[in-house]
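Below is one structure, written out as structure tokens; the observations come after it.
We did not get these values from a lab; they are worked out from the coordinates using the rules stated. As the structure is a computational prediction, the values presented were derived from the model and not from experiment. Every residue, glycine among them, receives a Cβ derived from its backbone with ideal geometry; neighbour counts consider all protein chains shown.
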Amino acid sequence: MLLPPPALRRALLARPWREARLRWKHVSSLKVANEPVLAFTQGSPERDALQKALKDLKGWTEAIPCVVGDEEVWTSNIQYQVSVSCRSCCWFSSQRAQHLEPPEHCLEFAGLTNLAPQACVRHLWKQVAQNLDRFRTFPRLAGECGGKNFHFVHCSADVDSVVSGTLRSAFEYGGQKCSACSRLYVPSSLWPRIKGRLLEEHSRIKVGDPAADFGTFFSAVIDAKSFGRIKKWLEHARSSPSLTILAGGKCDDSVGYFVEPCIVESKDPQEPIMKEEIFGPVLTVYVYPDDKYKETLQLVDSTTTYGLTGAVFAQDKDIVHEATKMLRNAAGNFYINDKSTGSVVGQQPFGGARASGTNDKPGGPHYILRWTSPQVIKETHQPLGDWRYSYMQ
């Protein structure tokens, strides 16, 4: 027998399933099959294949032009980079990209996607706006501008997960990932244990040539400009009264641009090193009182203009829920009890808002639609009849 609507509503509001301990069961309609994880252990087929590929790539140069209006566009100043396998790759720096002009006959400028510092993205955005009268449609603009990404640790967190996740997120690829963790917030009750474990594991990190030694965690930073910028931040860390270098931080550009992974402790949560993107192997830690975790969550959200990635480490589910709500706009890719890097195409579309970009989420279906122009079609199969509405007659 069907209940009348008011009675049905009252019955649902009473939530009778709670006593029976019923729970929603979420079933995915999409079956996800991950590729097998290869270990690349000594003597394994995948390791032999990789070493052969690295050897074969030596001396190669890949030329990657900028394509505008279906034409290759080059500037007169091109920078070449040599990878650890001695493979060269030419590329446009963001500063050079700012001076690219669309061809005079280019009327169908669909859009621009750009991975660059926010100053470059802002410049390109203005440049497109100044040329709007030349285009038949409004171009789509997408930008990803980096981040000042965080790991927030609650006193209920698993220490081993915090240490492993933070070291990998902060120092993998020499911190040269826009998603890399560069600020860590730790409760005072866990800091002695986390500090000890961080320093212990830090001493095991090897920096060098990963093609020659698979025990190497990361190699040199990309160029002299990056090396100089990171070195200035490390000099700032040594001179600032509110900062203490706990480990690493040595720089050597005699052969390549090598920077030791560096862990810095800050007494000031508003210190510039907690705000600005460094894009290098530098992790800054702020230790907060356990009972001030809500205020610290507000700090995480408001300290920097970026909003790319972030992670919360906590075993208390209420804290996880609260942190997720408070940090809603602090990270476009948000991780719970995991490192703030490693999004997988097709599973975790990537991107952030605020100063981190337009948050268009490459790697997912949303991004494909961003570059299409939908058309809706209606066809009527009956005569339209009188133009007047019935109430008019």
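Beyond 18 Å in Cα-Cα separation lie the following of the pairs LYS148/LYS177; LYS206/LYS250; LYS58/LYS231; LYS177/LYS361; LYS225/LYS339: LYS58/LYS231; LYS225/LYS339. Amide H contacts of ALA157 (H built 1.01 Å from N, in plane; Pro and chain starts excluded): GLN315 sit under 5 Å, all sequence-distant by 5 or more or on other chains.
Stokes-Einstein, applied to the Kirkwood radius of the stretch 149-354 over Cα pairs at a viscosity of 0.692 mPa s and 37 °C, places its translational diffusion at 192 µm² s⁻¹. With viscosity 1.306 mPa s and temperature 10 °C, the Kirkwood radius over alpha carbon pairs of the stretch 246-393 converts through Stokes-Einstein to a diffusion coefficient of 81 µm²/s.
Taking a Cβ cut-off of under 12 Å around GLY215, the surrounding Lys, Arg, Asp and Glu residues balance to a net charge of 0, with basic ones at +1 and acidic ones at -1. Taking a point 7 Å from the Cα of ILE222 along the Cα-to-Cβ direction, the residues of the stretch 246-284 with backbone N closer than 13 Å to it are 278-280. Among the GluC sites (Glu not before Pro) within the stretch 193-277, those in coil by DSSP and having at most 16 neighbouring Cβ atoms inside 10 Å are GLU276. Counting Lys and Arg as +1 and Asp and Glu as -1 over every other residue whose Cβ lies under 11 Å from the Cβ of THR341, the net charge comes to +1. Note on SER242, SER343: ascending count of other Cβ atoms within 10 Å places them as SER242, SER343, the fewest first.
Which residues does the label zone of GLN375 cover in the stretch 131-157, counting backbone N under 18 Å from a point 7 Å along Cα→Cβ? Label zone hits: 136-138.
If you keep only loop residues by DSSP, which trypsin sites (Lys or Arg not before Pro) in the stretch 361-393 have at most 11 other Cβ atoms within 10 Å of their Cβ? When the trypsin sites (Lys or Arg not before Pro) of the stretch 361-393 are filtered for loop state and at most 11 Cβ neighbours within 10 Å, LYS378, ARG388 remain. Listed values for the stretch 169-180 are Karplus-derived 3J(HN,Hα) couplings in whole Hz (6.51 cos²θ - 1.76 cosθ + 1.60, θ = phi - 60°), namely 5, 6, 10, 4, 6, x, x, 8, 10, 5, 9, 4, and x replaces Gly and Pro.
Please report the orientation-averaged projected area of the stretch 172-218, defined via the convex hull of its C-alpha atoms, in nm². Here the figure is 4.0 nm², rounded to one decimal. Among 354-360, 153-159, the peptide with the highest mean count of other Cβ atoms within 10 Å heads the list, and the full ranking is 354-360, 153-159.
Here, the stretch 164-271 yields an orientationally averaged convex hull projection of 7.3 nm² when only Cα atoms define the hull. Sparse packing (at most 14 other Cβ atoms within 10 Å of the Cβ) combined with a DSSP loop state is found for the following chymotrypsin sites (Phe, Trp or Tyr not before Pro) in the stretch 160-236: PHE214.
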